[in-house]
Amino acid sequence: MSELLRIDALDVAYASRKGLSPALRGVSFALGAEKVGIVGESGSGKSTTGRAILRLLPRAAKMTAKTLTFQEVDLAAASEREMRRIRGARISMILQDPKYALNPLKTVGAQITESWKIHHPATSRAELRDRALDMLEKVKIRNPSRVHDLFPHEVSGGMGQRVMIAMMMVPEPRLIIADEPTSALDVTVRRSVLDTLAELVEERGAGLIFISHDLPLVARFCDRIVVMYAGRIVEEIAASDLKDACHPYTQGLLASLPPLDRQLERLSVPVRDPAWLTGPVYRNGAAA
Ligand code: ATP
Ligand code: MG
């Protein structure tokens, strides 16, 4: 499997009145055409990692990395112009809520082929429509020709997320970063939307970074799991080996999962330990 992305010693700090507060500390991982899940509690740095890859951090953020390469392009050194060519076309990001990402004034169909139109301005209207309908079918929208002409407020949350996936897949990105893409959906819709995303990613031989709080969901959809705690990766493990996780934080996350017959209020919360801020990192079942 050829490597798509390599991150080595990525540090990000956000500037505030109190000075710089670190958000990522020495984040390192690599990814090929595979599905990697990033899990960790709120504030652990999952979204910051996704945004750093696309260089979409706010101005107040300071980023340094020993290596940040995507298909041989040095993302840390790329010009803003080069980054604009990469964003959306070679690396796409799907965000949590389609309401904010879709343009309320344009039909679903027009939005799906927008990026295609930019890169292929001579495409006829009929061909654009065919492309959009084809994509809507690929993301398993039931009545593509009806949905093609709807506006975003006329589609459900699950359909909106499928439209976002369709939009993002049109330029055939090599890497997709999905940040909590389905957390607003109910459980069954979430699973079926993610099944569709996983199928498309596999079919295209792309890479996926799937960011979520939901460890069982990540384990179901991803090949590998990266566990973050306080801006560090504390464990990286194959999803199939998750039950043998070494880090106490990962073990705590696993232990806190509700067995189906248990009430939510009886959940135990994973313990925290200051030693995890500097302690060992486990990769594939051994301290690295
Ligand atoms: P969540 O699960 O809640 O989405 P996360 O793991 O995605 O959390 P990040 O959003 O990456 O966490 O945040 C990591 C740290 O960086 C947090 O301490 C957060 O407060 C801080 N942070 C994130 N964005 C900013 C920002 N724009 N300005 C200042 N600090 C920020
Ligand atoms: Mg986040």
**Request:** Just tell me which lysines come within less than 27 Å, Cα to Cα, of LYS140; anything on the same chain fewer than 8 places away is out.
**Result:** LYS35, LYS99, LYS106, LYS117
**Item:** Gyration tensor verdict on the range 119-188 (Cα atoms; rounded if a/c is under 1.5, prolate if a/b is larger than b/c, oblate otherwise)
**Value:** oblate
**Message:** Students often check this: by mean Cβ neighbours within 10 Å, which of 21-30, 277-286 ranks highest, and how do the rest follow?
**Reply:** 21-30, 277-286
**By average C-beta atoms within 10 angstrom, highest first, the peptides 105-111, 157-163** = 157-163, 105-111
**Request:** Any lysines with Cα under 28 Å of the LYS18 Cα? List them, leaving off those in the same chain fewer than 8 positions away.
**Result:** LYS46, LYS62, LYS66
**Request:** Would you mind checking the tilt of helix 157-169 against the longest principal axis of the Cα atoms of the chain, expressed as 0 to 90 degrees and rounded to 10?
**Result:** 80 degrees
**Message:** Please give me the summed charge of the neighbours of ALA61: other residues whose Cβ is under 12 Å from its Cβ, Lys and Arg +1, Asp and Glu -1.
**Reply:** +3
**Message:** Using a probe radius of 1.4 Å on heavy atoms only, what accessible surface per residue do you get for the chain? Whole Å² is fine.
**Reply:** 51 Å²
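Leaving out ligands, DNA and RNA, what percent of the accessible area of the range 1-43 is carbon and sulfur, probe 1.4 Å?
The value for the range 1-43 is 50 percent carbon and sulfur by accessible area.
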**For the range 177-182, Karplus couplings with θ = phi - 60° (6.51, -1.76, 1.60), whole Hz, Gly/Pro x** = 10, 10, 9, 6, x, 10
**Prompt:** What is the gain in length, in nm to one decimal, between ALA30 and ILE118 on full extension, counting 0.36 nm per residue of separation less the C-alpha to C-alpha distance?
**Reply:** 28.6 nm
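Helix-only mean residue ellipticity at 222 nm, the chain, DSSP H runs n ≥ 4 weighted -39,500 (n - 2.57), per residue, nearest 500. What is it?
That comes out to -9000 deg cm²/dmol.
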**Request:** Compute the length gained on full extension between GLU127 and ARG59: take 0.36 nm times their separation in residues and subtract their Cα-Cα distance, giving the result in nm to one decimal.
**Result:** 20.5 nm
**Asked** How far apart, in nm, are the 7 Å Cα→Cβ label points at GLU172 and THR278?
**Response** 5.0 nm
**Prompt:** Which value in nm describes the separation of the simple spin-label points at ALA89 and VAL187, placed 7 Å from the Cα toward the beta carbon?
**Reply:** 4.3 nm
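For the chain, give the share of DSSP beta bridges that are antiparallel, in percent and rounded to the nearest 5; count only bridges with both residues there.
Roughly 60 percent of the beta bridges in the chain run antiparallel, per DSSP.
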**Message:** Taking the 0 to 90 degree range and rounding to the nearest ten, how far is the long axis of helix 187-204 tilted relative to the main principal axis of the chain, both from C-alpha atoms?
**Reply:** 80 degrees
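The values are calculated or read from the model by the stated rules, or taken from the named source; none is laboratory data. Here the structure is a predicted model, which is why all the values come from computation and not from measurement. Backbone-built Cβ (ideal geometry, glycine too); neighbour counts: all protein chains shown. Ligands, DNA and RNA are excluded from the accessible area calculation, which covers all protein heavy atoms including side chains. Shrake-Rupley method; radii C 1.70, N 1.55, O 1.52, S 1.80 Å.
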